[in-house]
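Just below is one structure, and these are the notes that go with it.
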Amino acid sequence: MEYQGEHLLIGQLGHFAAVLSFVASIIATFAYFKATQKAAIAEEHIAWKKLARTAFIIETIAVVSILVTLYIIIYNHYFEYKYAYQHSKRSLPVKYLISCFWEGQEGSFMLWNFWHCIMGLVVIRTAKTWEAPVMTVLSLAQVFMSTFLLGIYFFNVKVGSTPFMLMRNEHAEWPIFSNPNYLQTRAFADGNGLNILLQNYWMVLHPPIVFIGFASSTLPLAFAIAGLWTKRYQEWIKPALPWALFNAAFLGIGIMMGAAWAYESLTFGGYWAWDPVENASLVPWLIIVAAVHIMLLNKSTGHSSKSVYWFIFLSFLSLIYSTFLTRTGVLGDTSVHSFTGEGNSLFWHFIVLMSVFSLLFFVLYFKNSKHIPVLKKEEEISSREFWMFVGALVFVISSVYITFYTSLPLINKIFGTQKAIGEDPEYVYNRVMILIAVVLGLLTAVIQFLRYKNTPRSFWVKKIITPTIIALIISLLISIFGGINYKNYGLGYLGAIHLAIFASVYTIVANTAYIWIGLKGKFRSAGGSIAHVGFGLVLLGILISSSKREVISINRTGIVIPGLTDPKGRADSGLENITLIQGVPTPMGKYLVTYQADSTHPEDEKLYFRVNYLHKDSATGKVLEEFNLYPDAFLVKGEGGRTQLSANPDSRHYWHKDIFTFVTSMPDPESSKDTARFKNKPVSAGDTIFYSSGYIVVDQIIEANKNTNKDLPLVDSAWLADVTIYANDGMSYKAQPALFAKDNMGIPKRDTIIAESIVLQVDKTEKGVELGVKESKGVMKYITLKAFQFPFINILWIGVLVTTFGFLLSMWHRFTKN
């Protein structure tokens, strides 16, 4: 059958480029291997290296071609291709079409592959005698990265998944593909679109940055293997160290970009939830930071010459293992991220990848282990290298702890157990990590003032005493006057928080002092100390913003909307969700908050809410502050065809705090059209009326007219019903509907119980007073709102920037020295 309207050439070019990338990476690996083996024979070495470089450049061109062809498919909405159909949509703006690249597995691996190519070109230009052995390892990694994009079968085993798969080939059994004009049908008029959680500008920036970190993790291992292979057992550390620092910097900034995305896009009220995908990036970062410190102490003293290999290897292995956990579907039920597995193909793909690199490292290490020079003299306990090694071990211990709990679903599948992390996973992690933060904070503060090999006690005490006193004073002021009184997990946990505050302040003060005392203000050499200051700021920002986080949307309106859930899907009492009726100012803490309006844009699928915050002086009524926040939400069809809310928060940023606001519910637009009528029933005091979700008790009926009651100067008569509503869920509500008469005309004053979706009114007939009940989902336009206050959260974000700057400064300093 000849199908109409398909654009087959672009997909064929893309698939050819993917196959070319695979073949070129194999040739580059083999040629660089031969160039390394023939290093002593100049003519052969040069010939093999020339071939290897050519193959690697062809591979780079092929990878860029894959990127270009896939973007053409996505941008032009060629929905005959599965990748475009699954991940894009016509209404998406260009910036989110770019994000479609990395929503799927194939696009993520393509990005990883691309950065490998770019870094390989840098190594070719700068590595000199290290080029051949290092590029052999990098090209071998490229062989595996390129196979992720092949999507072809070897002996009935599928290898990888191609982004150029046609929908009619993937789903050949669908009846629609019996129509040669299937692209003109309604089913293919548009694609499924980008995951709504990823429609955020951070998702345009975060994945490319974090995959720079992922890709650069290969380079330190490549240098370590090259050192073993060429028997340059310690020389490799000097050229590898800038790459390790580069890896730590970009992996760290990528992680925190993800945290910023979570803060702005997710509604759990924070920036870190110990999600498996978060942990997948954090664990390799912790180990590479430990490895950097081991490399530094080995370079300075010669100690830990064997340990440094293992730290580098574990950093790479932990990254591949973490990616294996999050990409194969093993942890699919435990992550809010959208990554899913590709079945056994991807599972065994990662197993082979980890096995090959582990075998390569083990063979080379144990073959050369006895030749690696080792200092027989033990480190002095007063030396810098001793405590640097202790700090590195603490980093590794924290990584093992995180990895164990992240791996529980896999452990359960392997051993048939049913171990669970518990109902409060954040506490399971935080109870240990806060103690690790204390230890790392203290070590980061004091180690800088120690000398390598040996430090006289008098020298160390003289240097450290002033920063210690200053840090103690500042931390005591924060603890006493900062209002940190987090008692959710008892006094022991609160004590650990205050101890961690001291440790973080100590880190900041001591390392700032060291820049001037130890380094004499030499800024170019201060990268490490600057990174330590940033680390202390990150710890301090986390501790203060998390322990002082305050819910300010306490619901005192008496209007509780049933069916609310928290971001983890658990039932929510609604006591922390304030109900705002459109146009009605409602007190919320020191603010008067008004849900003013909502709107949509023809080029945007979101519904935007305008929420006004007004702060007045209680004595004078003077307006002290006024601003609008614009939280938004996607309205998506859920189970049973009901519209569900997927909210995105908005924040008001101050130098010392953030006000974080998001919408938790609103009436279903489809079911909130008011077509119901009042059902009237004659009543008197003590009567009961039933409705679908409970019953109403008439407590009393009050009648008055202007002749007998002077409080009715504006109307002739009035009838008021004082009633109590008893709902089936155990809640009760008071209401007072009334009817006023003026010049023989009735003026009803209806009362609405939003939580029960009922409206009450009073009527007067010849038979007496009647109570009218109307049940309708469209009784009133409202939203429920949740708002947090994060004090001093900017300390965290500043700390991230300072840490990254310190890593990059240190990297550049060492790169230029090399």
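The values are calculated or read from the model by the stated rules, or taken from the named source; none is laboratory data. Given the structure is predicted, the values throughout are model-derived calculations rather than measurements. We place every Cβ from the backbone using ideal geometry, glycine too, and count neighbours over all the protein chains shown. Note: areas computed on protein heavy atoms with side chains; ligands, DNA, RNA excluded. Shrake-Rupley method; radii C 1.70, N 1.55, O 1.52, S 1.80 Å.
Quick notes on this structure:
- Single unsatisfied condition, Ser355 versus (1) modelled with pLDDT of 95 or more; (2) small (Gly, Ala, Ser); (3) crowded, with 17+ Cβ neighbours inside 10 Å: (3)
- Taking the criterion of being under 30 Å from Asn728 (Cα atoms), assigned to a strand (DSSP E or B) and open to solvent by less than 60 Å² (accessible area, probe 1.4 Å), the residues of the range 750-766 that qualify are Asp751, Thr752, Ile753, Ile758, Val759, Leu760, Gln761, Val762, Asp763.
- In the range 24-35 there is at least one residue matching the filter, namely being under 24 Å from Phe101 (Cβ atoms) and of a type outside the set (A, V, I, L, M).
- The condition (being part of a strand (DSSP E or B), under 43 Å from the mean Cα position of the chain (by Cα) and of a type in the set (A, V, I, L, M)) is satisfied by just one residue among Ile747, Ile783: Ile783.
- Matching residues in the range 786-818 - criterion: being assigned by TED's automatic domain parsing to the domain that holds Gly483, of a type in the set (D, E, K, R) and in contact (Cβ under 8 Å) with a residue 40 or more places away in the chain: Arg814
- When each of Tyr401, Tyr365, Tyr427 is tested for being in a helix (DSSP H, G or I), open to solvent by 60 Å² or more (accessible area, probe 1.4 Å) and among the hydroxyl-bearing types (Ser, Thr, Tyr), the lone residue that passes is Tyr427.
- Candidates are the residues of the range 577-591 that are assigned to a loop (DSSP other than H, G, I, E, B) and within 32 Å of the chain's Cα centre (by Cα); the one that is surrounded by the most Cβ atoms within 10 Å (Cβ to Cβ) is Asn577.
- Residue match in the range 240-259 (condition: among the hydrophobic types (A, V, I, L, M, F, W, C) and farther than 21 Å from Leu809 by Cβ): yes
- Selection status of Val683, hydrophobic (A, V, I, L, M, F, W, C), within 30 Å of Leu796 (Cβ to Cβ), open to solvent by less than 80 Å² (accessible area, probe 1.4 Å) and modelled with pLDDT of 90 or more: no
- Per the listing Lys95, Lys89, the residue uniquely under 28 Å from Leu251 (Cβ atoms), of a type in the set (D, E, K, R) and either in the same structural domain as Val137 (by TED's automatic domain parsing) or open to solvent by less than 40 Å² (accessible area, probe 1.4 Å) (or both) is Lys95.
Residue by residue, here is whether (1) in contact with a helix residue (DSSP H, G or I) (Cβ under 9 Å, 6 or more places away or on another chain); (2) of a type outside the set (D, E, K, R); (3) not assigned by TED's automatic domain parsing to the domain that holds Val509 holds:
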position	(1), (2), (3)
Asn430	yes, yes, yes
Ile434	yes, yes, yes
Arg451	yes, no, no
Pro467	yes, yes, no
Ala471	yes, yes, no
Leu476	yes, yes, no
Ile484	yes, yes, no
Lys487	yes, no, no
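- Residues that are in a strand (DSSP E or B), touching a residue at least 40 places away in the same chain (Cβ under 8 Å) and open to solvent by less than 80 Å² (accessible area, probe 1.4 Å), drawn from the range 686-716: Ile689, Tyr691, Gly694, Ile696, Val698, Ile701
- The single condition among (1) open to solvent by less than 20 Å² (accessible area, probe 1.4 Å); (2) more than 30 Å from Ala704 (Cβ to Cβ); (3) outside the structural domain of Tyr630 (by TED's automatic domain parsing) that Val769 does not satisfy is (2).
- The numbered conditions (1) farther than 30 Å from Ile434 by Cβ; (2) free of Cβ contacts under 8 Å to residues at least 24 places away in the same chain; (3) not in a helix (DSSP H, G or I) are all true for Lys370 except (3).
- With respect to (1) open to solvent by 20 Å² or more (accessible area, probe 1.4 Å); (2) of a type outside the set (Val, Ile, Thr); (3) more than 30 Å from Leu251 (Cβ to Cβ); (4) at pLDDT 90 or above, the lone exception for Ala787 is condition (1).
- For the range 444-495, taking the residues that are more than 32 Å from the chain's Cα centre (by Cα) and of a type in the set (Lys, Arg), the one that is least open to solvent (accessible area, probe 1.4 Å) is identified as Lys463.
- Residue identified as among the hydroxyl-bearing types (Ser, Thr, Tyr) and within 30 Å of the chain's Cα centre (by Cα) among Ser525, Ser504: Ser504
- Selection status of Glu235, within 30 Å of the chain's Cα centre (by Cα) and either among the polar types (S, T, N, Q) or surrounded by fewer than 24 Cβ atoms within 10 Å (Cβ to Cβ) (or both): no
- Residue within the range 535-545 that is crowded, with 20+ Cβ neighbours inside 10 Å, closer than 17 Å to Leu440 by Cα, in contact (Cβ under 8 Å) with a residue 12 or more places away in the chain and more than 27 Å from the chain's Cα centre (by Cα) present: no
Residues are listed down the side, and each one gets a yes or a no for (1) modelled with pLDDT under 90; (2) closer than 16 Å to Ala647 by Cα:
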position: Gly558; (1), (2): yes, no
position: Ile581; (1), (2): yes, no
position: Met588; (1), (2): no, no
position: Leu592; (1), (2): no, no
position: His601; (1), (2): yes, no
position: Asp604; (1), (2): yes, yes
position: Tyr613; (1), (2): no, no
position: Lys616; (1), (2): no, no
position: Ala619; (1), (2): yes, no
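- Scope the range 114-173; condition farther than 16 Å from Phe214 by Cβ, aromatic (Phe, Trp, Tyr) and buried (at least 20 other Cβ atoms within 10 Å of the Cβ); matching residues: Trp130, Phe164
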